[in-house]
1. If each DSSP helix of 4+ residues adds -39,500 (n - 2.57) and the sum is divided by the residues in the chain, what number results at 222 nm, nearest 500 deg cm²/dmol?
2. Suppose each label sits 7 Å from its Cα in the direction of the beta carbon; what would the residue 45-residue 906 distance come out to in nanometres?
3. How do 935, 742 rank by accessible surface area computed with a 1.4 Å probe, from largest to smallest?
4. Out of every Cα pair in segment 485-571, what percent are spaced more than 23 Å from each other?
5. Dipole size in debye (nearest 20) for segment 485-571 around its Cα centre, Lys and Arg Cβ +1, Asp and Glu Cβ -1?
6. Going by average Cβ neighbours within 10 Å, how do the peptides 385-393, 228-236 rank, with the highest at the top?
7. Hey, what angle do you get for helix 487-504 against the long axis of the chain, alpha-carbon based, 0 to 90 degrees rounded to 10?
8. Rounded to the nearest 20 Debye, what is the dipole magnitude of the chain about its Cα centre when Lys and Arg each give +1 and Asp and Glu each give -1 at the C-beta?
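The values are calculated or read from the model by the stated rules, or taken from the named source; none is laboratory data. Owing to the predicted nature of the structure, the values given are computational and were not obtained by experimental measurement. Methodologically, a virtual Cβ is constructed for each residue, glycine included, from the backbone with ideal geometry; neighbour enumeration extends over all protein chains shown. SASA here: full protein model, heavy atoms, side chains in, ligands and nucleic acids out. Shrake-Rupley method; radii C 1.70, N 1.55, O 1.52, S 1.80 Å.
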Amino acid sequence: MAGSQWELPPELCCRPMAFVALTGLDVVYNAVHRAIWDAFCANRRADRVPISFKVLPGDHEYPKCRTKRTSYEWYIPKGIVKTGWMNKHLNLVPALVVLFYELDWDDPQWKEKQSECATKVEIVRTSLQGRNTKVAVVLIQKKTPLPPGEDLVASERASALCSSCDLSGKSLFVLPHTDHLVGYIIRLENAFYEHAQTYYYTEIRRVKSHKEFLNKTTHQLLFVRHQFKMAFLSELKQDTQNALKYYRAAYSLVHELRAHETNMLEIKTMAGFINYKICRLCFQHNTPLDAIAQFRKHIDLCKKKIGCAELAFEHSAWMSKQFQSFGELFDEAIKLGLTAIQTQNPGFYYQQAACYSQDRKQMAQQFCQAGTTYPSPDPLDTQSGGLDFYGQRPWRQGHQSIDPTDPEKEKLGILALQIKERDVPHSELIIALLSNAVAQFKKYKCPRMKSHLMVQMGEEYYHAKDYTKALKLLDYVMCDYRTERWWPLLTAILTTALHCAYLMASVKDYVIYCMELLGRASTLKEEQKSRIEKNLFKVLTNDVPEAESECDQSSVGAARSLWTDRMALSGSNELMVEMQDYIPFIQCKARFQSPCFHVDQPIQLQVFLRADCPHPVSFSKLTVSLSNQEYNQWCVVESSGQDSMTLLPGKPRCYNFSFVAKTEDVGKKVEVKMMLGSDSGRCVFLSWRGAGGDAASTQEALQTSRSSRRWGRGNETRQELDWDSLTLQHSTMIISRVPRICVQLSHQPPALTNEMFCISLTVQSQENVVAKDVKLTAGLKPGQEAGLGHTTHVTLDGSSVSDDNAPALLTDVPLGDLKPGEKLEKCVYMRCVSTGPRIFLFHVAYSIDTAVEGRHIVCKCHKVENLLSSTFELLDQVAVDIPFLLMTDIRSSSPWPLLLSSSSLQLLTVTSSTPPLQSQLQQVVLQTGESASECFCLRCPADTSSSNTVATGQYVVSWRSADSPLIQTTVTLPHVILESVPLYIYADLPSFGRVRESLPVRYHIENRTAQVMEVEIAVDPSDAFMFSGLKQPQGRQPDDASIAAA
């Protein structure tokens, strides 16, 4: 039996739709008929009724209908369901035959065409041979018909046509070939669908009526068959609820059948078909939990029904197909909107299908031995070319008894199946299923399941002798297992990868996997590691390695010839292996002894090596590659006769390097990259990026640090080097030489605004030799507020006030050379236009000649000093009135006396109410903390607009300290907010009064608007005064006028 027998038949997997046959259409030569057919079939949307249309000739022979059985008393069924029954009702026996005939109601040859149409209908009925298939007639007409009841001729002729054709009125249709053809076709489809449903309903009742003739003793198979038929017919009728009910009943009945070796395959086959239908309908009804429960029940009931022991591989094949089919149904439901989760997705079912396929492969290797010849005649051939019933054996079709009819033929049949099983591409089937599972687990973010299945895929590729794909998959997965430290799993994968590399004669891959299997992550035994190490050294000396013990012996011979060819090649003897991606048997750690070195100090570098293999390893050369290639010449170790570079197993070895940095590398990092190689035979360079380490070093260092914190270090008592405690230092910073000069700053804070503030700088050399090319950088330190650079000016000339063009930072001011012990003094003046804190920078740089380990170098040294300066904020007070007084207060914050030379007002909008006077502060000396004040009477002009903020002006003060030039400070006066005053009142009072004498008081009231105002004045009594005159004067005040009340 062919291996494809396990594939579900397409008629089972498709969606059942009502079959309607169309006759009388010439779709090849008649354009009208072709347009009608295209309207039925082309671009069918999902909202149209589910019908399968097929164009057949009018005299088409339909399958013959067998004579209806009236009794089942002596009938013994030969099987459950015939192989052609589903296809027959899907594609051969229509529910409705529609005859298309071109005939208009007013056709002049009406009688002749009516008779011809009746004849064609009779031919169709004859070809159906007693089936219950419905027949309908569609008249293709050129004119659009009138509404029903208006065309009497049409009604009469339609009745006559139905009578001659023996049709009911519901089976005659008219199809006008007009612009609205598709609309008419859709209406026809709906009518056809109703006829088809009537047919399938009749068929279901006919099948159901057989039940009363059956007994459970001899007709068990018929109970299953009839339930299956009713379910399938219900699907054709689109009654999925009843279909599911019938399928469930059929599934229960199929497991009630007496099972034995001769009918076990048929029972499982039908159980699988019915289970597929049940699960499909459950997903279709959006009840996925019911589908999963049904599938689990199905597997539990069938997993032990193995059948013939010599054909046990068939059971594994069937189980694999059950899981695969359910996974496909599950995946299809997800695409239609079902939501799956990590723990319940189609990947698990594809994975289980792959597991059963692997079992099938193992059983086939066990039962299907090579060397046997295929029996003749072929016991799997049948007269009809196929099976009559699903799940039966070709050499005993229809046989339902427990014992086989012909034991000899049974043995030949089993032998034929076993021989055919040998030709099945098991690995391809397994890889396809695993690939589907990997895609699902990747989709639902299950990385470990994905990696696990990819390993199985790699192993299957290995068994299929596709070593390139196997190595690609295994190499991809090994990264995850190295990171997660699954050492036994990694060892197993590496072993398979080593076999692939050997059979491919891939030298580089073979070397890498040998080195990793010899490393600390490998769980192989010592004797296995010893054998691998010997093979590795054979490859390095251009010898052919021994074959791996578990390799396929049929491929070893070809592999040896490949290795011989590889070893004979002389052009590719150098291999470069990046160690960071693997866990090799050579460990390397490098570290600079300090994170930074001064340029006048030798840089100390240590490289530690350790071998984890069973036997000593010798190397010929160790090189260290630094970021500055000029240093590489000082970091090389080569093997010589006296000093062999041999690493003993488990014994670390340290190599020390020392070199002098270049002055141009000051401020730069030096990074390390090491290479370990051998020049004899095949040259393999082991390269470590950075300071060494490999794929497992990070986790090991973390565990070491945790254990040292937990138990205390205790490393002081150890005599030998602790490898795990070695830390990596992959880079070091080269910094400048420590300067040996003394820089001192002296000044008298605070610095006042606009003052030429002096800072005295003293530089003294403490070097033993002459400090050459001494340079000074002084001024405002960069990186502060942006505005400070424009309000700070630095100069070396303090005799006059610096202008605004002076820089904020003086750079590289030459100071000459300094002899040992010599002292140099310099004054720097700074002027701050605005107040606020400032940080000043003083940078002294020089160069000096020195020697490091016998090498002469020129060092550039520098020393930096910072200075913080601050001034005090000024306070401003504002009075708003007309007229108003302006008070200025000057307070000295200087620690030394200040002489005020003069002061003045520079007014903008407002005017002075008094004539210009001499400064009230002229030649006033203020000590620390003393204040001086001036008072000015100001008035806003009458034409000043109201509700505006106007600038008052500036206050200018000239001052100086002792022995300093005159400094002029300008202070901006506060702005004045003007308010509109419609009525202005002021009182004219005498400077003093006497008791019991009259005191004249005059109030002036001024109207400052452009309108006449009515004024009423009330004077409140007071116990201290007696009043005379008007206490409540009244009057009208014209615009711009004033009155007085006394």
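1. Values: 20 runs with 334 residues, N = 1046.
That comes out to -10500 deg cm²/dmol.
2. 8.5 nm
3. Values: 935 55, 742 35 Å².
Ranked list, largest accessible area first: 935, 742.
4. Numbers: 679 of 3741 pairs.
It works out to 18 percent of all Cα pairs.
5. Numbers: 10 positive and 11 negative charges, 48 e Å.
The calculation lands at about 220 debye.
6. On the way: 385-393: 17.6, 228-236: 24.4.
The packing order, highest mean first, is 228-236, 385-393.
7. 70 degrees
8. Details: 111 positive and 114 negative charges, 949 e Å.
The calculation lands at about 4560 debye.
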